[in-house]
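Chemist: Here it is, the structure in full.
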Amino acid sequence: MNRRILTIDDDPAVRDAFVFALSDVGYEVETAADGAEGVELARRNAPALIFLDLRMPGMDGVETLRRLHEVCPRVPVYIVTAFRPDYLDELAQAARDGLRFGIASKPLTSDQIRTITHSVLEGPKVM
Amino acid sequence: MPMGKHGKYHPPMPSADAAPRVQRDRCARPWRVQATAERLLAFGTWMWAPGSGCMEWSDGLYVLLGYRPGTVAADYQIFVTAFHPEDRPRLLVQLEACLDSGAPVSFSGRLSHAGQAQRVRVAAEASRPPGKHLRCLQGAVQRAGLPEDVIAAATDAVFAFDGDTRLSLWNPAAGRILRRPASQVLGRRVAEVFPSLARNRAGRCCQRVLAGQSCYARGVRVVDRAAGLNGYFDMDFAPLHGPSGEVTGGIGMVREVTEQRRAQARLRLRVRQSCSLLEHGPDIVMRFDRRLRCVYANRTLFPSGHAAGENTPNALHADPTRSLWYRNMRRVLATGEPASVELFVPGPAGTRVFDTRMVAEPGPYGRVRSVLAVARDITEQKQAEEALRQANRRLEAAMDELRARQRQDVEEEKLTALGTLAAGIAHELNNPMMGVMNYVDYARRNLGAPDTVRDVLTRAARELERIRDLLKNMLAFARPIDEPSGELSLHNVIGAALDLMMQEFQARQIEVKLDLPYGLPAVRAKEGHLQQVFVNLLMNARDALANAPRKEVSIRAVQEGTLIRVDVTDSGTGIPAAIRDRIFDPFFTTKRPGKGTGLGLSISRAIMLELGGDLVYQDRPGRGTTLSVSIPAIPSNAGESP
């Protein structure tokens with residue numbers, strides 16, 4: 001079973017949070033500091049789940065989401081964000097365009113990260 | 001010899017060579033003729049009473065002799081010594097003869113005075129003064145002949161004529177005033193030499209003079225364009241008598257009064273103009289005598305004419321003002337101080353307001369003789385003032401309202417700024433928060449240390465969660481400022497708000513019922529604003545359902561006329577009656593510290609009011625809480641709903 005999780009976030013503290021929360025419980029966490037790198041990693045080897053930050057330098061979260069959908073359409077993506085109005089319209093448009101994603105509100109605790117991961121990978125599929 | 005009323009002797013009018021004649025009757029002729037004749041023809045009168053011990057003489061003789069009567073030796077000798085030494089014996093003989101016989105005598109001799117000799121005639125008679133037994137001697141001293149030098153120097157025209165009105169004397173002033181030199185007129189008749197217009201008057205005066213009467217004419221118009229004469233004359237004529245009292249001719253005087261007449265005419269014109277100003281001015285002008293009778297009123301009050309003598313004009317005399325009117329009028333009369341009073345006079349066209357000033361007018365002896373009242377109709381002015389005052393009040397009210405609204409706007413701006421700031425800070429804090437939370441969690445899980453350290457880390461994790469919740473609430477107030485308004489579908493807006501909240505609702509097992517009819521009209525709003533309203537309402541519903549047994553949120557939209565109403569109802573316990581009135585107040589919250597700012601409903605309501613809608617609480621006892629959003633719909637022909 002694929003237990004590889006991809007975290008795309010420009011903030012190392014956030015990347016660390018996912019590494020610390022998931023590596024203990026048997027997941028392999030890959031990290032990417034920007035959207036381009038994340039898309040490249042996903043294209044090379046599709047992960048089981050992607051946590052994606054919305055606000056990033058260079059390619060932003062929504063654009064990254066579209067690219068990820070192209071390279072690995074079946075991989076579930078969770079947008080990890082503090083609700084910011086700037087991106088809500090684009091997200092809503094992305095949803096209308098058929099992109100599927102979940103939203104998790106920053107900041108996430110270790111438990112929340114694990115809960116989301118478990119429910120996506122092992123529990124009944126929410127999305 | 002008679003004396004005048006005031007002890008002044010009025011001498012006879014002598015002809016050129018007639019002896020002085022004692023005139024027993026006082027002539028009733030104009031004073032100016034008498035005075036001039038006296039000045040020209042006589043020095044004065046004298047009287048000596050042997051028993052009285054003094055001699056009296058008139059002012060003219062005083063000037064001539066240089067002695068004041070009563071200050072010198074009481075003898076007629078002093079009178080005699082005024083004459084030339086050669087003439088004195090004859091004068092003494094004559095005076096004594098008169099005293100003896102009582103018959104009038106006449107003496108001609110030379111007066112010596114100040115080194116000059118003048119030929120004079122002395123007339124004397126003896127008489128018994130009233131109440132006296134002794135005979136006294138009295139008489140007059142007269143110049144011998146006409147005093148040519150005086151006449152020549154006179155500024156008035158002086159001329160003399162004989163019984164045929166032919167001129168025998170014509171002084172230089174006459175030549176100047178009547179524009180005829182003496183050489184042209186002497187020997188001709190008076191009527192021939194006078195300029196036209198004055199000619200007939202002069203002729204008639206001459207005839208009367210020759211009949212023994214004096215006469216005069218005032219302001220006679222004279223025009224002689226050839227001679228450059230155009231003016232007015234005052235003329236005086238008096239007869240001259242011969243030795244036996246018969247009229248031998250006359251003397252006349254002419255004075256040009258053109259300048260005076262013109263000055264008088266100008267003055268009259270000025271007065272008339274002033275009166276005209278007074279008569280036709282805007283103010284009512286009245287004069288009242290001491291008994292408060294109206295003795296003058298101008299045409300402003302009585303356009304048809306004058307009403308002098310009437311009582312106080314009724315116009316200003318109406319009952320409500322009567323006492324005020326009389327009280328002030330009497331005070332002005334008593335004190336002489338001016339008064340000013342506003343009279344409100346009712347009339348057919350409504351009450352008129354008169355600003356009335358009363359001024360005392362003193363008579364010749366300083367006492368207040370009359371009161372001048374000037375009344376100005378200031379009704380329109382008063383009305384304008386009142387209108388201005390009202391406009392001012394309205395303006396001030398509007399200003400107050402504007403200020404209040406400005407304060408409100410400023411408050412709202414502050415809240416908006418606060419929300420933006422809070423959102424920015426919260427967002428920036430999210431990433432480090434997430435890092436710290438997980439670092440602490442990791443440390444707690446992998447710590448082999450004693451329980452106390454683990455416990456401390458657990459507490460730290462709990463406190464971090466509090467911070468996290470706070471940040472989430474702060475983020476709810478992010479409110480874009482510059483977003484433009486657009487036509488929005490409520491389906492989309494509510495759907496987006498639900499999308500954002502769905503995760504939370506699912507985590508809390510809150511059921512959402514959505515009842516949005518197809519074909520709702522579009523609305524005009526800023527999308528972020530409207531979405532924030534619904535997010536706020538959904539967050540409130542979520543919090544209200546925290547401990548509720550049945551967790552359900554229903555969203556229902558209906559169109560009510562031009563408004564669309566959206567009810568957001570939760571199945572919670574409802575809002576206690578005590579705080580219902582305060583839920584829209586800023587910073588009012590029922591949540592624990594850190595769980596809510598108390599701004600959500602306040603800001604939401606402000607947003608809805610700004611959109612022309614409203615946000616109200618609907619009381620549904622026992623059926624949870626319903627907050628109703630109403631918003632104007634865009635008319636269906638103006639915009640289409642999806």
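Chemist: Which is open to solvent by 10 Å² or more (accessible area, probe 1.4 Å), over 29 Å from residue B:423 (Cβ atoms) and not in a loop (DSSP other than H, G, I, E, B), of A:63, A:37, A:30, A:90? Let's see the steps before the verdict.
Modeler: Working: A:63 fails: over 29 Å from residue B:423 (Cβ atoms); A:37 fails: over 29 Å from residue B:423 (Cβ atoms); A:90 fails: over 29 Å from residue B:423 (Cβ atoms).
Exactly one residue qualifies, and that residue is A:30.
Chemist: Under the condition of being open to solvent by 30 Å² or more (accessible area, probe 1.4 Å), touching a helix residue (DSSP H, G or I) at 6+ places or on another chain (Cβ under 8 Å) and under 18 Å from residue A:92 (Cβ atoms), which residue from region B:505-554 is nearest to the other protein chains (Cβ to nearest Cβ)?
Modeler: B:527
Chemist: Can I ask one more? Is it true that residue B:423 is open to solvent by less than 80 Å² (accessible area, probe 1.4 Å), aliphatic (A, V, I, L, M) and in a helix (DSSP H, G or I)? Lay out the reasoning, then the answer.
Modeler: Working: open to solvent by less than 80 Å² (accessible area, probe 1.4 Å): yes; aliphatic (A, V, I, L, M): yes; in a helix (DSSP H, G or I): yes.
So residue B:423 fits the description; yes.
Yes or no, residue by residue, for (1) within 14 Å of chain B (Cβ to nearest Cβ); (2) in contact with a helix residue (DSSP H, G or I) (Cβ under 8 Å, 6 or more places away or on another chain); (3) β-branched (Val, Ile, Thr):
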position: A:13; (1), (2), (3): yes, yes, no
position: A:16; (1), (2), (3): yes, yes, no
position: A:20; (1), (2), (3): yes, yes, no
position: A:29; (1), (2), (3): yes, yes, yes
position: A:34; (1), (2), (3): no, no, no
position: A:37; (1), (2), (3): no, no, no
position: A:42; (1), (2), (3): no, yes, no
position: A:48; (1), (2), (3): no, yes, no
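Chemist: With the condition being open to solvent by less than 20 Å² (accessible area, probe 1.4 Å) and under 18 Å from residue B:167 (Cβ atoms), I'd like the helices (runs of 4 or more DSSP H) fully within region B:178-267 carrying at least 2 qualifying residues.
Modeler: In region B:178-267, the matching helices (runs of 4 or more DSSP H) lie at B:190-193, B:198-210.
Chemist: Exactly one of these conditions fails for residue B:638: (1) small (Gly, Ala, Ser); (2) open to solvent by 20 Å² or more (accessible area, probe 1.4 Å); (3) at pLDDT 85 or above. Give me its number.
Modeler: (3)
The values are calculated or read from the model by the stated rules, or taken from the named source; none is laboratory data. All figures in this text were calculated on a predicted structure; none of them were measured in a lab. Virtual Cβ from ideal backbone geometry, glycine too; neighbours counted across all protein chains shown. With ligands, DNA and RNA removed, areas are computed over all heavy atoms of the protein, side chains included. Shrake-Rupley method; radii C 1.70, N 1.55, O 1.52, S 1.80 Å.
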